[in-house]
Amino acid sequence: MSTLRVEYHGPRRSEGRTAKHPSPKGSGGRRLRRLPLRLLRWAVLAVILAIVPFFLLIRGGVFAYQQWGLGPWPSLAVSAGATALLLVLYAWALGRRLGAGKGLKWLMTRGAAALAVAYVAYSVVYVGSANVKSEEVRAEYAALHPLLRLAASAVILADQGAVITDASRTPDFYRRMGLSPNESSLHFTQDDGFVHALDLRTVGRPEWRNRSVELTFRTLGFNTLRHVGTADHLHVSVRAPG
């Protein structure tokens, strides 16, 4: 009687390891094809993150002025403080993502807050000579409502060709133009000591730019009116509380 001998060999050490499977063919190509879409998403996100602080600064100030009844400067202070906090949050999140140390985070957050304050101060004080019709209009810039100056500065930042043609007016201005003075004109100094309207040039500019500027001011809470007085222009005003 023959005996059947079966030999059993334990699994080799190499067989117990998980085999590494090669990456599927074409995965690198798929990643490459998705790259433009990812870049587009990042670009859209960057634009949104850049727009939000301006919207909060200006639209928030208009809301505080019209709905809460705060004065021009307190309204601006509230929105500027909120915007500074938002930029601090941006800087903190960026610092955390980059793995920055406490010292660098401290510098980034305070730098962000200082940037908000510096921009507000610049906007309410300065307007370039290329963005006003004349030096007379430039001198009238300081008479405009602070929130209107802030909005005009933001629009000019996005549209370097924007030109303010009129700001403060007097009854003599209308008489020189052969028009009857409009006593209710917001180009006159109002009860709070500021002029509540300005005019922007529309002649000689692409219509899509004019429409974009008008839509921007409306989105930010201002009243707009495209009309022909002495010339075709865009009239922008800020409504008083009440």
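The values are calculated or read from the model by the stated rules, or taken from the named source; none is laboratory data. Just so we're clear, the structure is a prediction, and the values are computed from it rather than from any experiment. FYI the Cβ positions are ideal-geometry reconstructions off the backbone, even for glycines, and counts take in every protein chain you see. Ligands, DNA and RNA are stripped out before the accessible areas are found, and what is left, the full protein with its side chains, is counted by its heavy atoms. Shrake-Rupley method; radii C 1.70, N 1.55, O 1.52, S 1.80 Å.
Solvent-accessible area assigned to carbon and sulfur over region 202-242 amounts to 59 percent, based on a 1.4 Å probe.
The residues of region 93-162 present an accessible area of 54 Å² per residue when probed at 1.4 Å with all protein chains retained. Semi-axes of the equivalent ellipsoid of region 81-134 are 31, 10, 9 Å, computed as sqrt(5λ) over the eigenvalues of the C-alpha gyration tensor in descending order. Looking at the square roots a ≥ b ≥ c of the eigenvalues of the Cα gyration tensor of region 197-240, which shape do they give, rounded for a/c under 1.5, prolate if a/b is larger than b/c, or oblate? Because a/c hits 1.5 or more and a/b fails to exceed b/c, region 197-240 counts as oblate. Taking only the C-alpha atoms of region 58-106, Rg followed by Dmax gives 15.0, 43 Å. Semi-axes of the equivalent ellipsoid of region 71-162 are 32, 15, 9 Å, computed as sqrt(5λ) over the eigenvalues of the C-alpha gyration tensor in descending order.
Which whole-percent values make up P(r) of region 33-190 when all C-alpha to C-alpha distances are grouped in 10 Å steps starting at zero? Whole-percent P(r) values from 0 Å outward: 10, 28, 30, 19, 9, 4, 1.
Work through the residues other than V137 whose Cβ is under 10 Å from its Cβ and net out their charges, Lys, Arg +1 and Asp, Glu -1.
Neighbour charge sum, excluding V137 itself: -3.
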